[in-house]
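> Pasting a structure below so you can have a look.
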Amino acid sequence: MDLSKTHTAILSHGDPEQKRAEILAYFHATFDIDEKLYDTLRYDDTFYLRADRLRHPLIFYFGHTATFYINKLMVAKVIDTRINPRFESMFAVGVDEMSWDDLNEAHYDWPTRQQVKEYRDLARELIDGLIRRLTLTLPVTWEDPFWGIMMGIEHQRIHLETSSVLIRQLPIDQVQQLPLWGICTEAGEPPANRLLDVAGGSVTLGKAKDNPLYGWDNEYGVHNAGVQDFKAAEYLTSHREFLEFVEEGGYRDQEWWTDEGWQWREFKQAEHPLFWIKAGGGWMLRTMASEIDLPWNWPVEVNYLEAKAFCNWKSARTGAPIRLPSEDEWNRLRDLCSIPDQPSWNSAPGNINLEYWSSSCPVDRFKNGDFYDVLGNVWQWTETPIYPFHGFEIHPWYDDFSTPTFDTRHNLIKGGSWISTGNEATRDARYAFRRHFYQHAGFRYVESAAPIVIHDDQYESDALAAQYCHAHYGPEHFGVANFAETCVKICLELMQGRPMGHALDLGCALGRASFELAHGGFERVTGLDFSTRFFRLAARMQAEGALRYALPEEGEIVSFHEITLSDLGLEDARNRVTFFQGDACNLPEKFCGYDLILAANLIDRLYSPRRFLSTIHERMNPGGLLVLTSPYTWLEEHTKKEEWLGGYRDAGEPVWSLDGLTEALKPHFRMLDAPRDVPFVIRETRRKFQHTVAQLTVWCFDSAEQQEI
């Protein structure tokens, strides 16, 4: 397959065996492009350099795209055996650029490049085998194993972009320019930019579930909007056009910047775009692997904050309301230009999909209707923070793809860049980044007095998450005490006279027990949950001290609630609690040294509770306590039956979970006290509640030395 001519697969129809061959070829082409991207790194040591102090070194991303397949297919229950649990933990979670602080690398003991390459080869072989032998029926839907495979492929293609941006920030002597990644040689002066009329009209966004292409969850649902007439720049903003802003002191004049933008400029001490290099009396441009004379007719590449400052400056100079387009305005412009959608084109209608160069090119090279570069060359920043469409649903295999960005702090980029391939090159693609983030992104400005609509739904509306907000922090129901608070009270009673250094709240959900443990006297508490929906809300509570949520009442009627740590007397605990997303059955090595581990209502939701129970002592200090609660609701949708601790018959006799728990823990633990019953209530609607009774057991970790005594 020509690596510069790949298209995402149509999943709705066709001959199944031909479709299997198509997906297999698409998978291997994706892996090949990914491998060849990392060939641009000159030395093995280059993999371990921090190109951006807010991101991991490239060795992480080299491993991440391969482990993603395994981790997601485990979640989807397509496979049940890991290749390398340590790698699949270490490379699982990237860095969300939540702040401008340095990334703490203290706990990372990265493997060698060759070790990661060998892992990638094993993962590739495994996925190849799955594609060849899994049953394939069309259409491929959300629940189909092949959807999980496509998820891995399209995720890997996203990281072609993010990794190439990091490679572009490495020292030039650490990279090499290779023929596959050849850059455009066309350069010169750009034409004068003009504002052209764009007729207003209606815009409809959002995919139906029967859409023939793979999609990320934020692309689904329905959004209808009316767009007023506006004007848009004929060309993307070029280096030459942006130079005037730089030379007039735009980076030194706070007047043009938002508060957030000026804070970033002061932090970075930025004086010009990141990829510009001062060279004597002129300028050079850093491409992915070369330094060239700055081509003035290429599009400038900046973050949103810089693009916004330029628009404010230009608006003041022209007296016209100049700004970035909204997502709706950008889509209106695209629709009027009648651009074919991938995968139906024969040749890309812009500098996209790696079909032309591995760099930008002149802004007047690709015309779409009356405008240039509506698609491709560089991504285009918009004024719109990403939000969910009506009918949005989280995909259960990747619940942290979109929801962390629905915070009004991640702005949409549209149109794709030269390295946007697969799903990214489609009309429905919706990708958003923090406003100080760098991508291969520039901008097209518009003239419009229409206000920008910010879809600012600060209330958590996901039904399950709202239930847990209420269960953790809301009022009691039917006289049943708060479950997390009750569990922690028992833990604190048992910890009397014992060290209270570091506690782990495993399966912390929204974090109430974590805060209670810190408030009760632990010096440090780590909360960890597999669900990123829950982890993000817990982290928000820690960062902001408050959560708001919309609770279902009856049908479509909801009530709105706000909960704060201060109202619960837990404000003092915020600085001693840290939350992480992670897999309890495959914990990274850094999670260790605990005096207490609380695993509340966790074990009957694990895919491998026996592995968890046989290894959890490795995370504990001698004499530490393990506190478990569970209603023992064993379900095969969560746990294979051979992993159940109880709830089945053996030789006709019942096996109870407490017996299985005792058997699994006895090599390293002894039970303290008798088991206790702890009830809890979860409110679903005004008139529907779940009332459950969990069994709480306490286990003391006796080290080998203590057991011998």
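The values are calculated or read from the model by the stated rules, or taken from the named source; none is laboratory data. All values reported here derive from a predicted model rather than from experimental measurement. Here the Cβ positions follow ideal geometry from the backbone for every residue, glycine too, while neighbour counts run over all protein chains shown.
> Within region 396-416, track down each residue that is surrounded by fewer than 20 Cβ atoms within 10 Å (Cβ to Cβ), over 15 Å from Trp216 (Cα atoms) and not basic (Lys, Arg).
Once the filter is applied, which keeps residues that are surrounded by fewer than 20 Cβ atoms within 10 Å (Cβ to Cβ), over 15 Å from Trp216 (Cα atoms) and not basic (Lys, Arg), region 396-416 yields Asp407, Thr408.
> Listed residues Leu565, Leu570, Leu547; which is more than 28 Å from Phe401 (Cα to Cα), surrounded by 18 or more Cβ atoms within 10 Å (Cβ to Cβ) and not basic (Lys, Arg)? Please lay out each step first, then the result.
Details: Leu565 fails: more than 28 Å from Phe401 (Cα to Cα); Leu547 fails: more than 28 Å from Phe401 (Cα to Cα).
Criteria check complete, one pass: Leu570.
> I'm trying to understand the selection: among the residues of region 420-445, which are more than 20 Å from Ile167 (Cα to Cα) and assigned to a strand (DSSP E or B)?
Passing the criteria: Tyr431, Ala432.
> Additional query: Within the group Gln496, Gln467, which residue is surrounded by fewer than 21 Cβ atoms within 10 Å (Cβ to Cβ), in a loop (DSSP other than H, G, I, E, B) and either of a type outside the set (Phe, Trp, Tyr) or not assigned by TED's automatic domain parsing to the domain that holds Val627 (or both)? Let's see the steps before the verdict.
Working: Gln467 fails: in a loop (DSSP other than H, G, I, E, B).
Just one listed residue meets the conditions, Gln496.
> Name the single residue, out of those in region 204-231 being among the charged types (D, E, K, R) and outside any helix (DSSP H, G or I), that is nearest to Ala320 (Cα to Cα).
We begin by selecting, within region 204-231, every residue among the charged types (D, E, K, R); these are 207, 209-210, 217, 219, 229, 231.
Next cut, outside any helix (DSSP H, G or I) only: 207, 209-210, 229, 231.
Numbers: Lys207: 35, Lys209: 42, Asp210: 43, Asp229: 15, Lys231: 11 Å.
Per the stated criteria, the residue is Lys231.
> Could you list, in sequence order, the residues of region 13-56 that are of a type in the set (D, E, K, R) and part of a loop (DSSP other than H, G, I, E, B)? Please lay out each step first, then the result.
Step one: list which residues in region 13-56 are of a type in the set (D, E, K, R), which gives 15, 17, 19-20, 22, 32, 34-36, 39, 42, 44-45, 50, 52-53, 55.
Scanning region 13-56 gives Asp15, Asp39, Arg42, Arg50, Asp52, Arg53, Arg55.
> Right, next: Of the conditions (1) crowded, with 20+ Cβ neighbours inside 10 Å; (2) over 19 Å from Gly215 (Cβ atoms), Arg334 fails just one. Which one is it?
(2)
> Residues in region 603-638 that are more than 17 Å from Gly507 (Cβ to Cβ) and assigned to a helix (DSSP H, G or I): how many?
Count: 3.
> Val453 passes all but one of (1) under 26 Å from Met541 (Cα atoms); (2) at pLDDT below 95; (3) touching a strand residue (DSSP E or B) at 6+ places or on another chain (Cβ under 9 Å); which number fails?
Exception for Val453: condition (1).
> When you check Ala573 against the structure, is it within 23 Å of Ala481 (Cβ to Cβ), among the hydrophobic types (A, V, I, L, M, F, W, C) and touching a Cys at 6+ places or on another chain (Cβ under 7 Å), yes or no?
Working: within 23 Å of Ala481 (Cβ to Cβ): yes; among the hydrophobic types (A, V, I, L, M, F, W, C): yes; touching a Cys at 6+ places or on another chain (Cβ under 7 Å): no.
So Ala573 fails the test.
> Go through region 95-135 and give me each residue that's at pLDDT below 65 and in contact with a helix residue (DSSP H, G or I) (Cβ under 8 Å, 6 or more places away or on another chain).
Step one: list which residues in region 95-135 are at pLDDT below 65, which gives 95-107.
If the condition is that a residue be at pLDDT below 65 and in contact with a helix residue (DSSP H, G or I) (Cβ under 8 Å, 6 or more places away or on another chain), then Asp96, Trp100 are the ones that fit.
> What pairs come up if the first residue lies in region 326-339 and is closer than 13 Å to Lys231 by Cα, the second is charged (D, E, K, R), and their beta carbons are under 7 Å apart, counting only those six or more places apart or on different chains?
Ser326/Glu383; Trp330/Lys414
> Here's a follow-up. Take the residues in region 29-59 that are under 15 Å from Thr162 (Cβ atoms), surrounded by fewer than 21 Cβ atoms within 10 Å (Cβ to Cβ) and out of contact with any helix residue (DSSP H, G or I) (no Cβ under 7 Å at 6 or more places or on another chain), then tell me which one is modelled with the highest pLDDT.
Arg50
> For region 39-59, give me the residue count where each residue is acidic (Asp, Glu) and within 22 Å of the chain's Cα centre (by Cα).
First pass over region 39-59, keeping only residues acidic (Asp, Glu): 39, 44-45, 52.
Filter once more, so that each one left must be within 22 Å of the chain's Cα centre (by Cα): 52.
Residues flagged as acidic (Asp, Glu) and within 22 Å of the chain's Cα centre (by Cα) within region 39-59 amount to 1.
> Show the residue pairs that are 6+ apart or on different chains and have beta-carbon atoms under 9 Å apart, the first residue being within region 657-686 and on the phi > 0 side of the Ramachandran plot, the second being part of a helix (DSSP H, G or I).
Sorted first by the residue in region 657-686, then by its partner, the pairs are Asp673/Leu494.
> I'd like to check something: does region 410-419 contain any residue that is assigned to a loop (DSSP other than H, G, I, E, B), modelled with pLDDT of 90 or more and among the aliphatic types (A, V, I, L, M)? Give the steps one after another, and end with the answer.
Within region 410-419, the subset assigned to a loop (DSSP other than H, G, I, E, B) is 415-419.
Pick out the ones that are also modelled with pLDDT of 90 or more and you get 415-419.
From the residues that got through so far, the ones that are among the aliphatic types (A, V, I, L, M) too are 419.
For region 410-419, residues assigned to a loop (DSSP other than H, G, I, E, B), modelled with pLDDT of 90 or more and among the aliphatic types (A, V, I, L, M): present.
> If we only count strands (runs of 3 or more DSSP E) wholly inside region 269-349, which ones have 2 or more residues that are under 32 Å from the mean Cα position of the chain (by Cα) and not charged (D, E, K, R)? If you could, list the steps in order and put the result at the bottom.
Working: elements: 276-279, 282-286, 291-293.
Here the list reads 276-279.
> Test each condition in (1) closer than 19 Å to Arg444 by Cβ; (2) surrounded by fewer than 24 Cβ atoms within 10 Å (Cβ to Cβ); (3) not hydroxyl-bearing (Ser, Thr, Tyr) for Asp341 and report the one that comes out false.
(1)
> On to the next question. Would you confirm whether or not region 404-418 contains a residue that is farther than 29 Å from Met74 by Cβ and out of contact with any strand residue (DSSP E or B) (no Cβ under 9 Å at 6 or more places or on another chain)?
Initially, region 404-418 is screened for residues farther than 29 Å from Met74 by Cβ, giving 408-409, 411-418.
This time we only want the ones that are out of contact with any strand residue (DSSP E or B) (no Cβ under 9 Å at 6 or more places or on another chain), so: 418.
The answer is yes, given that some residue of region 404-418 is farther than 29 Å from Met74 by Cβ and out of contact with any strand residue (DSSP E or B) (no Cβ under 9 Å at 6 or more places or on another chain).
> So which strands (runs of 3 or more DSSP E) stay within region 639-709 end to end and still have 2 or more residues that are crowded, with 17+ Cβ neighbours inside 10 Å and in the same structural domain as Gly479 (by TED's automatic domain parsing)?
Values: elements: 648-650, 653-655, 669-685, 688-701.
Qualifying strands (runs of 3 or more DSSP E): 669-685, 688-701.
> I want to confirm something. Restricting to region 18-34 and keeping residues that are in contact (Cβ under 8 Å) with a residue 40 or more places away in the chain and not β-branched (Val, Ile, Thr), which single residue is nearest to Gln177 (Cα to Cα)? Spell out how you get there, then give the answer.
So the first thing to find is which residues in region 18-34 are in contact (Cβ under 8 Å) with a residue 40 or more places away in the chain, and the list is 19-20, 23-24, 26-28, 30-31, 33-34.
Of the ones still in play, those that are also not β-branched (Val, Ile, Thr) are 19-20, 24, 26-28, 31, 34.
On the way: Lys19: 35, Arg20: 35, Leu24: 29, Tyr26: 25, Phe27: 25, His28: 23, Phe31: 20, Asp34: 16 Å.
Per the criteria, the residue is Asp34.
> Filter region 391-436 for residues that are hydrophobic (A, V, I, L, M, F, W, C) and under 13 Å from the mean Cα position of the chain (by Cα) and give the result. Talk me through it step by step, then tell me what you get.
As a first pass, look at region 391-436 and keep what is hydrophobic (A, V, I, L, M, F, W, C): 392, 394, 397, 401, 406, 412-413, 418-419, 425, 429, 432-433.
Answer for region 391-436, where residues must be hydrophobic (A, V, I, L, M, F, W, C) and under 13 Å from the mean Cα position of the chain (by Cα): Ile394, Trp397, Phe401, Phe406, Ala432, Phe433.
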